[in-house]
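Working notes, beginning with the structure itself.
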Amino acid sequence: GAGMGGGFGGNGGGGMGGGFRGGGGGAGMSVAGGGPACVDGSSMVAGGVRSGGCADFRPALVSTMSGGVNTVARGTHIDTGIDGDTSCGVGGCSLGGASCSVGEECGGATGMMTFVGAGGGNYTTETTYKYVGAGQGDILFVTQKRKTYYGLLACLLVLLLMAVAICLAAPSPTTTLKAAITMTTTVRVGPIGIPPPQTTLVVTTTPAPTTTTVALPKTCLFWGDPHLVTFDGARPSFYGDGEYWIVKNPRVSIQGRFRGTKYTYGLAATQKIAIGGAFIEGHVIEVEPMEDGGKILVDGVEVCSHLGSSKKIPTKDGQGFVATITHDDIGELVDKAASQFARHMVHIYLPEGIHMTIFRWTNYLDLKITMAPLPEGQDGSCGNFNGQASDDTTQAIFERIGARIGEKEMLFSNRTPMAFTYEEKQMLKTCPKATLEEAERHCLRDLSGDPSEQLMESCKFDVCFGMNEHAL
């Protein structure tokens, strides 16, 4: 028999306190509390490690006892049942000549240990064992550190996310893509240990939402002789007689006739407005001041002759209206100085979100246009609506679209008679020589056809003094 403290017993005996017997043992004893490890020639029964198997004790195991160090002889083991090896081995545990019997079997094992019996010992399912204690034969199960790959996995994941972020941040000439990342981690637990987690990265791309910038409407104002504020906030002035572009666009045409009055010493005020173009299907709307029987006309026919009247202009297919005109006395004045006079206001609602209010005074008009920038661009006395006031000077506008409207582009049926007053001639003499020479060159270039002397003088006056809000 083996000595007390946990040696391996020979045939017919077992150490008390957890020894291993090779050829028999009392039923109901456990490894921790004193039970049989293997029954001679049979599977473990009545309190063995597990029916049909034993813990794996390989040749390298060492038992430390008060009587010395005993090494399990090579070939002696209590088999786990792995790969079908079921024998307890040949040879024995050296202690007083005792050894496990040759050919003794433990039966097919599964690799799991269950401690039973009166000893009531605890257990941990590990694969490395160490015998410790001062001859007591106790078994201490030492937990072996497992290798994990979570740190490496985290580093790889961070690098992958950085790469995806860099790719998404790169500019694309056509489509911006955002990545949605789904991580799937699969862990398989085998009989030996835990292999590295398997990671599946799924990257899906979805188009970024399209953002459309909507330009806000702004207002262009005309008043007096004629002073104005463009859509971009510039304040050019146009003092000479003639027909001018107010808004010029491939589809939208708004024109103004400027002509001097006796109250302005010949300096031009807005005397007539004409609206036309493809956006109202070729119709022409005209508005005149009150004196001399001034009218509101659509294609040459008078409409809205009295306050409170209105007119809708139908589309060619009869399915809608291209414009609505109302004549009343309601609205905020552009020029507060005119508040003492009777009000005659014409409101015109047009396509493209364009709304015009025309104030009809005795011999001139004030004007307010509210609209958003047109997609194809625009220019005219109200400026080019590009957000920059600096390029809306009188001279810059003349250079872009001409000083007056060309004959083929006129919405008016005829040109206004030209006049250049004594006061204007005297003021033109104060224009610096260099500026006057430059004005003449610009007017010869910007006026179409063969301009008359009066038209040339009016054009030069605008170039010389157009930056002034009040010329006289």
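The values are calculated or read from the model by the stated rules, or taken from the named source; none is laboratory data. As the structure is a computational prediction, the values presented were derived from the model and not from experiment. Don't worry about glycine lacking a Cβ; one is built from the backbone with ideal geometry, like all the others, and counts go over all protein chains shown. Note: areas computed on protein heavy atoms with side chains; ligands, DNA, RNA excluded. Shrake-Rupley method; radii C 1.70, N 1.55, O 1.52, S 1.80 Å.
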With the first residue restricted to segment 412-436 and required to be part of a loop (DSSP other than H, G, I, E, B), and the second required to be basic (Lys, Arg) and surrounded by 15 or more Cβ atoms within 10 Å (Cβ to Cβ), Cβ contacts under 6 Å at 6 or more apart or on different chains are Thr416/Arg257; Thr416/Arg259
Q.
One residue is enough: does segment 196-207 have a residue meeting the conditions more than 23 Å from Tyr364 (Cα to Cα), open to solvent by less than 20 Å² (accessible area, probe 1.4 Å) and modelled with pLDDT of 60 or more?
A. no
Screening Val284, Val229, Val301 for residues that are over 51 Å from the mean Cα position of the chain (by Cα) and open to solvent by 20 Å² or more (accessible area, probe 1.4 Å) leaves only Val301
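Restricting to segment 312-324, count the residues that are part of a loop (DSSP other than H, G, I, E, B) and closer than 20 Å to Glu286 by Cα.
So the count comes out to 2.
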Per the filter on segment 330-356, residues in contact (Cβ under 8 Å) with a residue 24 or more places away in the chain, open to solvent by 20 Å² or more (accessible area, probe 1.4 Å) and over 49 Å from the mean Cα position of the chain (by Cα) are His344
Going through (1) farther than 24 Å from Glu281 by Cα; (2) in contact with a Phe, Trp or Tyr (Cβ under 8 Å, 6 or more places away or on another chain) one by one, Gln378 fails only at (1)
Looking across segment 406-419 at residues that are at pLDDT 85 or above and open to solvent by less than 90 Å² (accessible area, probe 1.4 Å), the single one that is nearest to Thr261 (Cα to Cα) is Thr416
When segment 433-454 is checked residue by residue, the ones that are open to solvent by less than 80 Å² (accessible area, probe 1.4 Å) and over 16 Å from Thr394 (Cα atoms) are Ala434, Ser448, Gly449, Pro451, Ser452
Glu291 meets each of (1) over 17 Å from Asp462 (Cα atoms); (2) touching a residue at least 60 places away in the same chain (Cβ under 8 Å); (3) open to solvent by less than 10 Å² (accessible area, probe 1.4 Å); (4) not small (Gly, Ala, Ser) with one exception, condition (3)
Of those in segment 387-411 that are of a type in the set (Lys, Arg) and assigned to a helix (DSSP H, G or I), the residue farthest from the chain's Cα centre (by Cα) is Lys408
Take the conditions out of contact with any Pro (no Cβ under 6 Å at 6 or more places or on another chain), part of a strand (DSSP E or B), free of Cβ contacts under 8 Å to residues at least 24 places away in the same chain and not hydroxyl-bearing (Ser, Thr, Tyr) and apply them to His327. Does it pass? no
Those residues of segment 232-270 which are in a strand (DSSP E or B) and open to solvent by 10 Å² or more (accessible area, probe 1.4 Å) amount to Trp245, Lys248, Ser253, Arg257, Arg259, Gly260
